């Protein structure tokens with residue numbers, strides 16, 4: 001009578017957590033320590049014990065014991081600080097007890113929280129000496145909103161970005177924007193502390209790529225303040241151009257490789273399912289590649305990171 005074939009069951013998985021079952025057969029397993037494939041179909045646990053006594057597994061155990069994990073050399077940045085724990089404890093104590101209607105909540109936000117935030121911002125502005133002005137138009141239908149942000153540096157706290165003003169304007173001509181910015185700067189006493197202007201690369205902001213002409217926000221603001229400010233274009237465009245230039249300096253054409261990989265999996269669900277199974281076998285989280293249509297360099301960098309993780 002033939003002997004019944006053994007299989008890798010739950011009890012063996014609990015006893016040997018570093019042994020993983022393969023998908024093609026219930027008796028085929030893989031040792032994660034030494035990366036060896038073998039079968040437990042003949043003797044079950046005895047096959048595993050026999051593998052543990054092999055020379056390859058003993059050498060892998062010695063190498064693991066004599067080397068530290070790379071994680072021990074890095075400091076985690078997502079751990080909560082003592083201040084975060086205090087805030088979480090306070091929220092847990094008052095979350096169920098402190099409830100109020102919409103009118104009372106609005107009064108708390110307007111009269112307490114906004115006042116405190118405004119006072120903190122004024123204190124920061126008194127300490128800051130060099131401030132960058134950031135502005136852009138945000139159109140919501142017929143409503144044209146103009147947020148005004150500032151970026152400054154404090155020696156003890158680092159770089160800060162705060163919202164200084166957020167108001168609707170009747171249009172987006174250079175005269176309207178300059179008058180709006182002059183009013184905001186004068187109200188907050190920042191005329192002498194502004195050193196640079198950051199905005200979108202449009203003609204009414206900077207007068208084109210050559211920064212010429214006088215009928216633009218940058219030129220009129222320089223004339224109003226009586227000095228030459230540093231003109232900074234769109235921050236996203238600067239990062240985009242920097243990544244694009246760095247990508248051109250690489251020895252491989254990653255953009256072409258990413259496009260080919262994306263085209264390979266684009267409309268073929270069978271290939272995507274095979275990729276998902278491969279990610280499961282390597283214990284890697286599957287993430288969908290971003291589309292290439294109008295793809296920015298930031299998206300290409302994300303795809304490069306995904307491909308590098310899967311390759312490793």
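We did not get these values from a lab; they are worked out from the coordinates using the rules stated. Model, not experiment: these values are computed from the prediction. Cβ placement follows ideal geometry from the backbone for every residue including glycine, while neighbour counts extend to all protein chains displayed.
Where a ≥ b ≥ c are the square roots of the eigenvalues of the C-alpha gyration tensor, would you call region 10-67 rounded, which needs a/c under 1.5, or, failing that, prolate if a/b is larger than b/c, or oblate?
It comes out prolate by the Cα gyration axes.
Using alpha-carbon positions, what is the distance between the centroids of region 95-171 and region 172-221, in Å?
A separation of 20 Å, based on Cα centres.
Would you mind listing how long region 84-233 runs along its three principal axes, going by Cα atoms, in whole Å with the largest first?
61, 41, 25
Suppose each label sits 7 Å from its Cα in the direction of the beta carbon; what would the residue 115-residue 45 distance come out to in nanometres?
Going from the residue 115 label point to the residue 45 one covers 7.2 nm.
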